[in-house]
Amino acid sequence: MWSGPRNISTALMRSWGNRPDTFVCDEPLYASYLKSTGLPHPAADEVIRHHESDWRRVVDWLTGDVPQGRRVFYQKHMAHHLLPDIERTWITRLTNCFLIRDPKEMLTSLMKIIPEPTVNDTGLPQQLEIFEQMCDDPQHPPPVLDSRDVLDDPRGMLGRLCTAVGLEFSDRMLEWPPGRRDTDGVWAPYWYGEVEKSTSFRPYRPKTDEVPASLNYVLDECRDYYRTLARHRLAT
């Protein structure tokens, strides 16, 4: 699942992680991203120490056997962690899905952490790059989920996603126990406070925050990427 930041990506990981046949991993390229960029994210040094930072070793793991003998390997990826120097052909060995969110709501949330986000910080250019790489048959594009659609109809949208990837839907995907998971990254204490209290997808609520004029050019470009991907989203 290729997502951008400030989406429902962690809640979706909780959903899949509650399936007994599924092993989940949390942003496996994050340590590599932080080591390469030197960005001062919370607990960056701890992330690099604790998680594998060599993207080649990460890729070997991601494309190998499913851990713990499970049938499904759900990988929660932040698309912007896929830096330009990371080779791309391994992605074709995965079943790739995409999670998007209205750019205005995403940006106003992201600004609380990165005051001056760039388009690349949103992951949208990278999502479209991967989507186009995977879109060999225009009649059968990779699955695209809009976070609002999921929040409005979790059962329906998760059912459609499961069908699209050739799996049966499970009611266990709709609820999960609160708390932290062993599969969460070491960054969880800094980012996952709300998710750790959650037990299901929370209903969608419109956001009223505005993007400042200084970032309107970022919003406009993000909307172009979003609209291109949203044309292919799974129907509600």
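Every read-out reported here was derived from the displayed coordinates using simple, explicitly stated rules and does not represent laboratory data. Quick caveat, the model's predicted, so the values are computed rather than measured. All Cβ positions, glycine included, derive from the backbone under ideal geometry; neighbour counts span all protein chains shown.
Summary table below
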{"read-out": "At least 18 Å along the helix axis (C-alpha) and Kyte average at least -1.0, DSSP helices within the chain", "value": "216-230"}
{"read-out": "Top positive-direction residue, dipole computed over segment 2-230 with Cβ charges, set V186, V59, S32", "value": "V186"}
{"read-out": "Computed over the chain: relative contact order in percent, which uses C-alpha pairs under 8 Å that are six or more apart", "value": "28"}
{"read-out": "12 Å beta-carbon shell around N96, net charge (K/R +1, D/E -1)", "value": "-1"}
{"read-out": "Set of lysines near K207 by C-alpha distance (under 19 Å), chain-local residues within fewer than 8 positions excluded", "value": "K104, K112"}
{"read-out": "Longest site-free stretch - the chain; sites: trypsin sites (Lys or Arg not before Pro), DSSP loop, at most 10 other Cβ within 10 Å", "value": "113-230"}
{"read-out": "Mean projected area in nm² (Cα convex hull; one quarter of hull surface) for segment 2-230", "value": "12.2"}
{"read-out": "Rounded Å value of the spacing that divides the Cα centres of segment 86-104 and segment 123-152", "value": "7"}
{"read-out": "Rg/Rg_globular for segment 1-58, with Rg_globular taken as 2.2 N^0.38 Å and Rg from C-alpha atoms", "value": "1.25"}
{"read-out": "Whole-Å distance, taken between Cα centres, linking segment 168-229 and segment 1-78", "value": "15"}
{"read-out": "Entries of K35/K197; K76/K197; K35/K76 with Cα pairs more than 23 Å apart", "value": "K35/K197"}
{"read-out": "Estimated dipole of the chain in Debye, rounded to 20 [Cβ of Lys and Arg +1, of Asp and Glu -1, Cα centre]", "value": "540"}
